[in-house]
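The values are calculated or read from the model by the stated rules, or taken from the named source; none is laboratory data. Owing to the predicted nature of the structure, the values given are computational and were not obtained by experimental measurement. Cβ atoms come from the backbone with ideal geometry, glycine included; neighbour counts cover every protein chain shown.
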Amino acid sequence: MITVVGSGRVGATTAAMLGLMGLDKKIVLIDIIKGLPQGEALDLNHMSSILGLDVYYYGSNDYADMKGSDLVIVTAGLARKPGMTREQLLEQNANIVWSIGKDVAKHAPDSVVILTTNPLDAMVYVMWKATGFPRERIVGFSGVLDGGRLAFYTAQKLGVSPSAIIPVVLGQHGESMFPVPSRSYLYGIPLDKLLKPEDYKEVVDETVKAGARITELRGFSSNWAPGAGVALMAKAVKRDEKRALVASVVLRGEYGVDGLPVEVPLILGRGGAEKVLEIELSPDEKNKLAQSVEAIRKLINSLPNQYK
Ligand code: NAI
């Protein structure tokens, strides 16, 4: 059984994709708004009926209904409005994620948690502290999204399919994220050998600003690409794929960081983030990653003490 906490745009989109990908027979949707998860579940059940999918959706306002879930996806919390940064969501979302974390520990103590709530890395930290789970079982979604965006903009510049590009974005999911051109490849060729420096700068700029751009254009933040990316991660966990992707996990000495969540390449499987992959970085790249890690540290330091 999979539970999706938060039945807003990202939660509902994710739930649809989980069903379409056939990842479980039962998907529970939980939200604090009365009627919302029940209404989404009903609509999704009608979708399954039309498409002949073997999945049943159940909507609830009771956290106890996540009991029996081996995967809990948390998309609950405030999202950015036009002009806002992810960091401005810190205090309110920390409160939400903390309380959900306590319920996850109580009702789904053996689950793997995939989290989207922003500011992402700080929320991974809060969820890790609230549940008391081993670090492997709290995985933050963002690297797949940032990487997908980097691949898209690069592909547009080069006139190739984005699927031919393996993107590597490290550090923070935010303004100081660090896309690494020397380690992102088009079929073995590093992007810094393919793109002129000014083109690469443009690609990175577009990647960093992509989320804000969508929010400015339509008045609410992205949901289709996040839903797809979270479902991809859910598949890696449910099918024990041991898939390599970039996600946020608390580091234990890797990249010289201890006790902070950072977007890094890792192997995702049944046990969660089963292994962190350490990429060799040049001194300049190490420096850029360190700056991004500092931004995460600063944000976590500014969390109220009860969440640390
Ligand atoms: P939304 O506003 O559409 O939905 C959020 C839902 O969470 C609402 O239905 C709300 O009632 C619910 N909620 C609030 N407190 C809750 C609680 N204690 N328990 C259960 N449900 C609760 O927002 P959207 O667009 O779905 O985004 C959700 C979160 O994901 C935001 O924090 C957003 O910034 C983040 N996000 C992160 C991305 C990433 O790459 N990591 C990408 C897109 C969104």
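Within the stretch 141-162, not a single residue is modelled with pLDDT of 95 or more, under 30 Å from GLY259 (Cα atoms), out of contact with any Ser or Thr (no Cβ under 9 Å at 6 or more places or on another chain) and of a type in the set (D, E, K, R). Against the list (1) assigned to a strand (DSSP E or B); (2) surrounded by fewer than 20 Cβ atoms within 10 Å (Cβ to Cβ); (3) of a type in the set (A, V, I, L, M, F, W, C), the condition ALA247 fails is (2).
Looking at the stretch 89-192, the helices (runs of 4 or more DSSP H) lying wholly inside it that each contain 3 or more residues that are assigned by TED's automatic domain parsing to the domain that holds LEU245 sit at 143-158. Per the listing GLY140, GLY148, GLY174, GLY132, the residue uniquely in contact (Cβ under 8 Å) with a residue 24 or more places away in the chain and surrounded by 24 or more Cβ atoms within 10 Å (Cβ to Cβ) is GLY140. Among the residues examined, GLU278 qualifies as touching a strand residue (DSSP E or B) at 6+ places or on another chain (Cβ under 9 Å) and modelled with pLDDT of 95 or more. Taking each residue of the stretch 74-97 that is surrounded by 14 or more Cβ atoms within 10 Å (Cβ to Cβ) and looking for partners that are assigned to a helix (DSSP H, G or I) and of a type in the set (Phe, Trp, Tyr) with beta-carbon atoms closer than 6 Å, six or more apart or interchain, yields ALA94/TYR307. Out of VAL230, VAL237, VAL257, VAL246, one residue alone is more than 22 Å from VAL10 (Cβ to Cβ) and aliphatic (A, V, I, L, M). It is VAL257. For the stretch 16-38, taking the residues that are surrounded by 16 or more Cβ atoms within 10 Å (Cβ to Cβ) and within 11 Å of the ligand (Cβ to nearest atom), the one that is nearest to ALA79 (Cα to Cα) is identified as ASP31. Residues of the stretch 193-220 being in a helix (DSSP H, G or I) and touching a helix residue (DSSP H, G or I) at 6+ places or on another chain (Cβ under 7 Å), which ones? Once the filter is applied, which keeps residues that are in a helix (DSSP H, G or I) and touching a helix residue (DSSP H, G or I) at 6+ places or on another chain (Cβ under 7 Å), the stretch 193-220 yields LEU194, ASP199, TYR200, VAL203, GLU206, THR207, ALA210.
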